[in-house]
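*Asks:* Would you mind keeping the following structure in view while I ask a few things?
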């Protein structure tokens, strides 16, 4: 039996993704809120939900603004 070690980098402290996560966050933020990302909350050591909630606040958006994403054009 071969043993494997799986590491789950939930807070971006184990690996460097070279900005891929930020690019995805930027795209997702605009899709969900209908607004471009102007500033992002600090991310290191925090959950995605905490990052997103603070980023909403930094854009003067209520937390409820993300519950109904804008419809996407086909």
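*Asks:* What are the residues in region 38-74 that are modelled with pLDDT under 90, surrounded by 12 or more Cβ atoms within 10 Å (Cβ to Cβ), out of contact with any helix residue (DSSP H, G or I) (no Cβ under 6 Å at 6 or more places or on another chain) and part of a loop (DSSP other than H, G, I, E, B), if any?
*Replies:* 46
*Asks:* Which pairs turn up if I take residues in region 10-37 that are at positive phi and assigned to a loop (DSSP other than H, G, I, E, B) and look for partners that are surrounded by fewer than 13 Cβ atoms within 10 Å (Cβ to Cβ) and modelled with pLDDT under 85 with beta carbon separation below 7 Å, at least 6 apart in sequence or on another chain?
*Replies:* 12/44; 34/70
The values are calculated or read from the model by the stated rules, or taken from the named source; none is laboratory data. Bear in mind the structure is a predicted one, so any value in this text is a computation, not a measurement. Every residue, glycine as well, gets a Cβ built from its backbone with ideal geometry; the counts of neighbours run over all protein chains shown.
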